[in-house]
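So the structure is just underneath, and the comments pick up after that.
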Amino acid sequence: MTSSTPNPAAATTRAPSARTVARLWRALVVALSAVVLLMLTPPSVAGATPDGAASPSRVAAASGGVTGAVEPSLAGGQPRDVDPDRPVVVIGVAGLAWADVTPMTPALWSLSQDSVGSLVVRSVRTSSCPADGWLAISAGTRAADTSGPCRDLLEPDPDGSVPGWADYQAAAAEENFDARLGLLGDATVGTQTPATSIGPGAAIALADAAGQTADHMRRPTGAQEWTVQTTIALERSRLVVIDAGEVQDAPGPVTTQQYHDNQVQVADEHVAAIIQGIRDSGTDPVIVLSGISDSGSGPGLRVLAISGADQEPALLTSSSTRQDGYVLATDQQATITGLLGITAAIPSGVTIGAPARALPDSSTAAQRIEVLLDDELHAQAVRPLVASYYLILVILNLALFAAVALGLKRPAATRIRAFLARRFPRRRGRPDENLVVARSGVLRLLRVVALSIGALPVSSFLANLLPWWRSTPPALGLAVITLGWVALIVAIALVGPWRRRVLGPATWVAAVTAGVLTVDVVTGATLQISAVMGVPTLVAGRFYGMNNTSFSLFTVSTLLVTVAIANPLVRAGRRKLAGVIVLAIGVFAAAIDGAPGIGADFGGPPALLPAYGLLALMAAGIRLTWKRVLGVLAVAAAATIGLAFIDWLRPADDRTHLGRFFQTVLDGGLWPVIARKLDQNITILFGNRPLTILAICGVLTVVFVLARPIRGAITSPGGGGYDWLSAGTPISRMGRDAPMLPPGIIAIGVALGLGLVVNDSGIAIPAIGVSVTVPLLLAACATWMLALEPADLIRANQEPGEPVRTAAAPPAQPVRRVRVPRRGRPG
């Protein structure tokens with residue numbers, strides 16, 4: 001489909017004048033200015049209740065509601081007034097999960113009656129160790145111990161130095177997160193805020209940059225000692241950080257539930273003694289209960305609870321996640337400094353966390369915990385299915401490409417028809433009808449299969465509208481619901497009023513994909529949470545806006561829809577209007593993807609805007625030159641920087657990662673960010689991950705193996721090996737019926753290529769884009785072939801050497817002789 005026959009209507013259109021080109025450039029500038037003005041408005045809060053409370057439907061999910069349809073609450077939540085004299089007690093129990101907090105653990109249960117949330121403890125590696133969690137509190141960013149088994153934490157030396165601090169600093173230096181250990185300890189010293197640590201983990205959290213602790217107590221051994229030490233610490237400090245123990249898996253090959261329960265019971269006894277010590281001190285602190293890290297068997301969501309006299313029942317969130325009930329481990333430092341009122345002591349731009357905030361609701365504590373348990377169930381259910389899903393998606397695409405490139409060409413098709421003819425003889429007297437049915441049946445089957453594969457990604461998101469993770473096994477529930485959505489989307493594509501248009505069915509699938517993703521990001525991106533192609537919550541990535549997978553799907557689907565909208569205008573010769581409409585859609589798509597309050601995707605506009613700019617020029621009939629291409633790229637770069645700058649103008653706690661990136665650049669941290677992105681790209685490209693290797697092989701197979709025979713057939717005058725499907729019509733004629741299709745393919749290639757460069761998912765972006773684009777293009781091609789007149793159908797299906805037969809010739813009539821009188825001689 002790379003070459004096309006010029007449209008007669010368009011061929012008579014004069015080339016755009018210099019004035020037309022200038023007008024289009026001015027329209028581009030005006031449109032981008034509109035985006036900038038849009039970005040100046042504060043982000044809307046979709047689905048927020050008037051008082052910023054958590055959506056009731058979110059809590060209703062615990063009793064069997066539909067979690068995917070939940071409207072997001074105010075991401076910022078309710079800020080708390082800081083009492084400069086009120087102490088803060090942080091209790092850490094490494095590995096503590098919400099499944100461990102029940103009425104059978106009364107002390108832990110008592111701390112879960114107010115604000116609660118799931119703590120995402122992922123740090124540098126897949127599973128976090130206790131040291132990693134305490135280092136996150138210390139640094140306010142991702143930091144971890146050296147690789148290997150989790151070390152046993154030891155009490156500080158007599159001189160106050162933390163054991164292993166040099167290893168922690170060396171590990172931080174090797175990573176690209178620019179972690180500055182000791183920030184919290186330095187902040188308390190710099191603001192003269194008295195702080196006491198109890199236990200080895202707490203010493204890590206409160207150590208200064210040199211790894212020294214100012215006021216430390218060794219971990220108690222009995223309940224009475226826990227109580228006394230807590231009371232003493234509160235009498236002399238505003239901040240008390242306590243390492244209350246760990247809930248770790250059994251040291252043997254098999255984890256027993258009894259071993260786990262015993263550790264939870266011990267932790268509950270420690271917390272009960274700490275609570276008694278708080279009461280004995282006569283103070284009224286804010287108590288933060290943290291699950292700190294994973295338990296050893298694998299990643300999971302952990303406990304985060306904030307309680308105190310002024311706390312109210314609520315779900316916790318932060319501007320880092322913008323999702324009800326989710327807080328990152330790196331948010332804990334900002335939460336602590338915010339409660340103490342010493343946030344200003346943390347240097348700007350060196351941390352990535354945001355304070356945890358409350359989303360008050362009227363549900364009971366048991367209902368809120370049930371919601372968090374359901375989130376954990378969802379996260380654990382989807383985790384083992386992601387690789388299998390992508391494997392299936394890639395295999396289906398490769399099978400489709402191979403069937404089209406190799407199986408449907410004339411030599412293979414002839415052998416298949418001969419085999420079927422032997423197994424299923426044709427009915428006598430109706431050979432021509434059988435030929436027609438065979439061709440149309442193959443094309444209809446190809447279209448259904450291609451549309452189904454193209455609809456698979458968006459269906460995986462829609463599957464989250466139903467709680468498939470509660471089924472047994474979860475994989476079966478996900479498969480049934482996903483295939484149900486695929487069937488519904490494809491059925492509508494084939495029965496809708498657009499079914500006979502060349503781009504109609506494929507455009508419907510693309511429109512559903514673009515529409516679902518748009519509505520999702522505008523309303524809080526809840527469908528993406530723990531979706532197989534969405535946001536894996538256990539990875540602690542970006543929980544809101546467009547992630548890289550969604551960006552790839554959104555990009556190709558919106559471009560395909562744009563091609564379908566502009567196509568009739570170009571065929572009618574109204575190229576100027578087509579160019580303006582393409583430009584308007586591009587600005588809208590870039591705003592959805594890049595707006596801080598919506599998509600918040602820094603790497604999206606640099607790929608979307610050039611693609612749409614070039615597509616607009618081609619739709620308007622303007623010849624592409626190096627100057628024009630560079631101009632489009634420059635405007636796109638300026639718009640992207642403008643988005644980040646506008647987000648940076650907002651208060652620090654309200655910024656998305658766009659504004660935080662701008663601040664990082666101002667603080668001189670650009671190169672570490674670039675290095676980290678490059679490292680992630682290289683890791684994905686050359687890492688030992690079967691999914692990535694398979695995706696790369698899929699792209700290479702399509703481009704270098706399967707595309708070559710298809711390209712030859714496209715340029716062949718009679719359809720090449722596909723003449724029996726195209727009725728002898730050159731496939732390049734499709735470019736005349738859909739003149740915007742070749743420019744659209746170019747624009748998709750530009751967007752995916754730039755997306756590969758500017759995003760940190762690397763080869764995954766074009767791989768995902770190809771897995772949707774190519775099936776939908778094949779579906780459009782099948783629709784076009786079905787609409788062809790079958791005048792040459794029988795000729796195209798004849799075997800070499802077979803007598804010529806015609807499909808529509810009337811039956812032969814007997815020849816009747818007519819006597820014509822001859823001219824005679826006169827006489």
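The values are calculated or read from the model by the stated rules, or taken from the named source; none is laboratory data. The shown structure was predicted, so the numbers you read here are calculated from the model rather than taken from an experiment. Quick reminder, even Gly has a Cβ in these numbers, built from the backbone with ideal geometry, and neighbours come from all protein chains shown.
Structure notes:
- So Val124, is it free of Cβ contacts under 8 Å to residues at least 60 places away in the same chain, over 25 Å from Val286 (Cβ atoms), in the same structural domain as Val247 (by TED's automatic domain parsing) and crowded, with 23+ Cβ neighbours inside 10 Å: no
- Residue-level analysis places Thr526 among those that are in contact (Cβ under 8 Å) with a residue 12 or more places away in the chain and either under 19 Å from Arg383 (Cβ atoms) or not assigned by TED's automatic domain parsing to the domain that holds Ile392 (or both).
- Residue within the stretch 299-317 that is in a helix (DSSP H, G or I), on the phi < 0 side of the Ramachandran plot, touching a residue at least 60 places away in the same chain (Cβ under 8 Å) and of a type outside the set (D, E, K, R) present: no
- The single condition among (1) closer than 18 Å to Ser318 by Cα; (2) modelled with pLDDT under 90; (3) in a helix (DSSP H, G or I); (4) of a type in the set (A, V, I, L, M) that Ile336 does not meet is (2).
- Condition met for Asp375 (surrounded by 22 or more Cβ atoms within 10 Å (Cβ to Cβ) and not assigned by TED's automatic domain parsing to the domain that holds Gly291): yes
- Residue list for the stretch 245-294, restricted to those being in contact (Cβ under 8 Å) with a residue 60 or more places away in the chain, among the hydroxyl-bearing types (Ser, Thr, Tyr) and surrounded by fewer than 23 Cβ atoms within 10 Å (Cβ to Cβ): Thr283
- Yes/no for Ile392 being closer than 29 Å to Pro194 by Cβ, among the β-branched types (Val, Ile, Thr) and either surrounded by fewer than 21 Cβ atoms within 10 Å (Cβ to Cβ) or in contact (Cβ under 8 Å) with a residue 40 or more places away in the chain (or both): no
- Residue ID - surrounded by the fewest Cβ atoms within 10 Å (Cβ to Cβ), chosen from residues in the stretch 595-608 that are touching a residue at least 60 places away in the same chain (Cβ under 8 Å) and in a helix (DSSP H, G or I): Pro606
- Filter pass, Gly621 being touching a Lys or Arg at 6+ places or on another chain (Cβ under 6 Å) and not assigned by TED's automatic domain parsing to the domain that holds Gly349: yes
- Selection status of Val556, of a type in the set (A, V, I, L, M, F, W, C), at negative phi, at pLDDT below 95 and assigned to a helix (DSSP H, G or I): no
- The test for being among the hydroxyl-bearing types (Ser, Thr, Tyr), more than 26 Å from the chain's Cα centre (by Cα), in the same structural domain as Ala187 (by TED's automatic domain parsing) and buried (at least 24 other Cβ atoms within 10 Å of the Cβ) does not hold for Thr321.
- In the stretch 188-217, the residues that are surrounded by 24 or more Cβ atoms within 10 Å (Cβ to Cβ) reach residues that are acidic (Asp, Glu) with C-beta atoms within less than 6 angstrom, at least six apart or across chains, in these pairs: Thr196/Asp215; Gly199/Asp243; Gly201/Asp243; Ala202/Asp243.
- Residue list for the stretch 218-235, filter: among the small types (Gly, Ala, Ser) and either in contact with a strand residue (DSSP E or B) (Cβ under 6 Å, 6 or more places away or on another chain) or buried (at least 24 other Cβ atoms within 10 Å of the Cβ) (or both): Ala233
- The residue list Arg427, Arg410 contains one member that is in the same structural domain as Ser452 (by TED's automatic domain parsing), surrounded by 15 or more Cβ atoms within 10 Å (Cβ to Cβ), modelled with pLDDT under 90 and in contact with a helix residue (DSSP H, G or I) (Cβ under 9 Å, 6 or more places away or on another chain), which is Arg410.
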